[in-house]
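Trainee: Structure below; questions to follow.
The values are calculated or read from the model by the stated rules, or taken from the named source; none is laboratory data. Here the structure is a predicted model, which means the values were calculated and not measured. All accessible areas refer to the heavy atoms of the entire protein, side chains included, with ligands and DNA or RNA removed. Shrake-Rupley method; radii C 1.70, N 1.55, O 1.52, S 1.80 Å.
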Amino acid sequence: MSRRTHSTIEKLPVEVKTTIDDMLIDGVWPDGFCPDDDWIGKPRYIDCVNYCELKGHKISESAMGRYGQRVKALTRMRNAGLIARETMKGMDGEKASQTQKAAAEMITAHLIELVSDADSFSALELKDIARCAKECTQVAIASDKYVRQQVEEKAKAAAEKIEKTYKKEISPEVLKAIKEQIYGIVD
């Protein structure tokens, strides 16, 4: 089993780390920090490294790159969860259940990709990933349960309708066979 290492960036003072996160996630330049004159746009890893050096902390560009990839991936996962929850808010019925299951499966696939591509995560990041995976699994299970329940209710309603409509015309044995073989209802 590989040993997880803590990022040097995780050990930075909170205000410096927060600024680095803002630079990487939101593309925000810190106040008073002037990038190279020839570069205009979002901060790059080298800009984050230079900012750290300006604040008295030596960080390698490769460490910044690893940290940046992890932070961006986790941010994408959180945003995907937010979007999924917002999308599901107004839905009801079978379509919502199927959509929820699909969204949960997509997010789970992204989680697997995230975990397999990254070298190391902090304990807090692993906790977030595990919680997200657990929630996705719960959504998928609830969705399957709901769909099964809906199918059972429809089958029972159809069987009752056939029984009421054709009770005089069909023998009890035929009605029982319809219930069991077509609708899967066993009395």
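Trainee: Mind checking which lysines have their C-alpha under 28 Å from K179, skipping anything on the same chain fewer than 8 residues away?
Mentor: Partners found: K95, K145, K154, K156, K161, K164, K167, K168.
Trainee: Could you pull the accessible area for D128 with a 1.4 Å probe, rounded to 10 Å²?
Mentor: Per-residue accessible area (D128): approximately 40 Å².
Trainee: Now for a different question. Using the Karplus equation 6.51 cos²θ - 1.76 cosθ + 1.60 (θ = phi - 60°), what ³J(HN,Hα) coupling, rounded to whole Hz, does each residue of the stretch 146-151 give in order, writing x for Gly and Pro?
Mentor: Rounded to whole hertz, the list is 5, 4, 4, 5, 5, 5.
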